[in-house]
Amino acid sequence: MDKLSGKVAIVTGGASGIGREICRQFAAEGCAALAIFDVNEAGARETVALIGDTATKCFVHKVDVGDLANVDAAVKQFVSEAGNSPDILVNNVGWDLPFLFIESQPDFWDKLIHVNYKGTLNTCWTVLKLMVQAGRGGRVINFASDAGRLGAGHEAVYSGCKAAVIGFTKAIAREHSKHNILCNVVSPGATRTAGYDNVKYKRDDPDKFEEKNVRQIPLRRIGEPGEVAHMVTFFASDDASYIQGQTISVSGGVTMLG
């Protein structure tokens, strides 16, 4: 269990759900230093407590990823704490609520873009420069969603943000291949997280919403956070050393693209 031995990592949205499972797996795989960037500082500290007594040095930073100055300050502080620059960046943080597009408002669009797209731009812009300067290569794992691959009703702007993340990640993969910085996308389908519950319980009939979801999934169940986290850990490790610019759906078979 040492696939990430000695590595320095930043995980956004590590206070709960998939992000929490990523942090736990990174620690189990021997990550030397791990920073959790999240607006939910209490949740992030709970993740650290769940990781428990390991060799991984864990640091919590209250960060609004859509605020570039906040991201820049947190990254600089973490580099000082860890004694080295990041080898791995995971942009897991995300947020959404279900609305028909014509019933949504511009301030809602702005918040979605702020968290789901601008946050990815800010962290990548800050961390990629450090990875290039360090010359050790690196891993960037960005989160999209199958909403960004297929489009999702009641999630039009969210779908657009996640499609943008996919295109952006392909572009930075091309730009940084010469630096051996591998940039890939994990695209979850329905996964049992607080975000999924936000969407589910905003529906008139949450049970019917879930039944419909399950019927559309070939494996006939909602995914678990740890199942998505395993793909992130794979991308972060040397097992994925020849995979660049790819989007992998972890969705029980909903999205099968050739």
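Residue by residue, here is whether (1) out of contact with any helix residue (DSSP H, G or I) (no Cβ under 8 Å at 6 or more places or on another chain); (2) under 30 Å from K3 (Cβ atoms); (3) at pLDDT 95 or above holds:
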position	(1), (2), (3)
H61	no, yes, yes
D67	no, no, yes
V93	no, yes, yes
L97	no, no, no
W109	no, no, yes
L112	no, no, yes
N116	no, yes, yes
| Can you list the helices (runs of 4 or more DSSP H) found entirely within segment 160-239 that contain at least 3 residues being of a type outside the set (F, W, Y) and either in contact with a Ser or Thr (Cβ under 7 Å, 6 or more places away or on another chain) or at pLDDT 95 or above (or both)? | 225-236
| task | Return yes when F59 is out of contact with any His (no Cβ under 6 Å at 6 or more places or on another chain), among the hydrophobic types (A, V, I, L, M, F, W, C) and free of Cβ contacts under 8 Å to residues at least 40 places away in the same chain and no when it is not. | result | yes
| said: Could you tell me how many of the residues in segment 190-248 are over 23 Å from the mean Cα position of the chain (by Cα) and within 26 Å of E29 (Cα to Cα)? | reply: 0
| request: Scan segment 55-89 for residues that are outside any loop (DSSP other than H, G, I, E, B) and of a type in the set (S, T, N, Q) and report the count. | output: 3
| note | Of (1) surrounded by fewer than 21 Cβ atoms within 10 Å (Cβ to Cβ); (2) in contact with a Cys (Cβ under 8 Å, 6 or more places away or on another chain); (3) more than 17 Å from L89 (Cα to Cα); (4) of a type outside the set (F, W, Y), G148 satisfies every one except (1)
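The values are calculated or read from the model by the stated rules, or taken from the named source; none is laboratory data. This is a predicted model, so every value here is computed, not measured. A quick note on method: Cβ atoms are made from the backbone with ideal geometry, for glycine too, and the neighbour counts reach across all protein chains shown.
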